[in-house]
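Here the structure comes first, spelled out in structure tokens, and everything after it is commentary.
The values are calculated or read from the model by the stated rules, or taken from the named source; none is laboratory data. Just so you know, these numbers come straight off a predicted model, no measurement behind them. All Cβ positions, even for glycine, are placed from backbone atoms using ideal geometry, and neighbour counts span all protein chains on display.
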Ligand SMILES: [Fe+2]
């Protein structure tokens, strides 16, 4: 047992842990290997609070049997243990044909340089001393698992005219958890590029048919592929050529002969950086989109505050078409679009004069003409927002009719976008059921009769059918929830 008396300060019940980790949507599986039950207990408690699934082993040979029968995303092991120590465990796992890509963290009270060096020699990803464990372990575990989640199964295209070099690199990259595709020259690489969309390219410089420089240049000028990290390998240390390659967007230049581990580490580093950037950019765009939607939703609220008749209407339409989308087995991304379309479908009414919008009686022909502009106004308000471009047709066309007699474009049947046809059904039903200052909302029976009647002429029959299923599921309580006439 290599436990020093005051070192393992792993507990910390009062500290808030908000660094939950997931691995592509799943809880990461972590194996803790230590002969001290106290250390295992405190470490386990910490990892459980991070959302991990934890298995325990009391020594190296127990850990090896666990790893044989279960899959782990990370192993944290002590060094000095009875039966099999941490170094031997690490070496055995790293030479295992299917378990060699599991990252291993050594957690030890020994702090000598030789121990740390030996740990990395046998393939450990990280070395944490028990005196620093409380401080370091969560951040390190999160870092390793995030990287694993980002890199696992990523595809690298290896381009080299030497089959022995291709095989050597392929073996090393596969061992690190990458998928690998191989090309003999730049021309073949370009063909594979279109077919497989790799996440990274590792290419030789001097090759027949199309060399590395030409390949890099071609990729650099193709907007579909120019973002893929490109690592060039060559025995040629020519600075002018290197500069040219960097101008063409190469991420790194490895001068042969290089250590194969160096290539793997470079590939991992570039992919980590690349994907972190992509992820951050995606997060930024998503938060920008949410902000925009929040501002637009407040416009809808402003509209509803003004026009009491439409209050709650957008929410009801959104709720109904979300349920329709679920009934149609749409995925969560599509459902989010459906929700936004429901909330915003009448946004354009904000641009309609109050004397028309708020008129407490039926509209005359001229007033109708103006009110009918609201789908176009709504589409125009949203048109500068690139991320909502696929929703805009649903806003513009939610008053089209299947027989072509709707507005604003008079589209017919299948020309009307599906989302617009879905909105039309929920919109029609909700409008019928809701009270107006000059008339009471229709009963469920009456509204359903009108809906049946409108199938095939005004409304899409498939959408009506799905809507009826949704309505049935909602039952009677929906009337009160949606503010419909009882
Ligand atoms: Fe409308």
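Structure summary
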quantity: Filter result (within 15 Å of the ligand (Cβ to nearest atom) and in a helix (DSSP H, G or I)) within the range 311-321; calculated: 313, 314, 315, 316, 317, 318, 320, 321
quantity: Failed item in (1) buried (at least 16 other Cβ atoms within 10 Å of the Cβ); (2) over 35 Å from the mean Cα position of the chain (by Cα), with residue 341 passing the rest; calculated: (2)
quantity: Members of the range 388-415 found to be away from the ligand (no atom under 16 Å from the Cβ), part of a helix (DSSP H, G or I) and either surrounded by fewer than 16 Cβ atoms within 10 Å (Cβ to Cβ) or modelled with pLDDT of 95 or more (or both), listed by number; calculated: 413, 414, 415
quantity: In the range 121-140, the residues that are within 18 Å of residue 177 (Cα to Cα) and under 33 Å from the mean Cα position of the chain (by Cα); calculated: 123, 124, 125, 126
quantity: Failed item in (1) assigned to a loop (DSSP other than H, G, I, E, B); (2) without any contact (Cβ under 8 Å) to a residue 24 or more places away in the chain, with residue 447 passing the rest; calculated: (1)
quantity: Scan of the range 39-81 for residues that are within 22 Å of residue 123 (Cβ to Cβ) and loosely packed, with under 15 Cβ neighbours inside 10 Å, ordered by number; calculated: 65, 68, 69, 70, 71
quantity: Elements of type strands (runs of 3 or more DSSP E) contained in the range 66-166, each with 3 or more residues being in contact with a strand residue (DSSP E or B) (Cβ under 9 Å, 6 or more places away or on another chain) and farther than 16 Å from residue 47 by Cα; calculated: 126-129, 155-159
quantity: Residue that is nearest to residue 408 (Cα to Cα), among those in the range 345-361 that are part of a loop (DSSP other than H, G, I, E, B) and more than 12 Å from the ligand (Cβ to nearest atom); calculated: 353
quantity: Residue match in the range 322-332 (condition: within 16 Å of the ligand (Cβ to nearest atom), out of contact with any strand residue (DSSP E or B) (no Cβ under 9 Å at 6 or more places or on another chain) and in a helix (DSSP H, G or I)); calculated: no
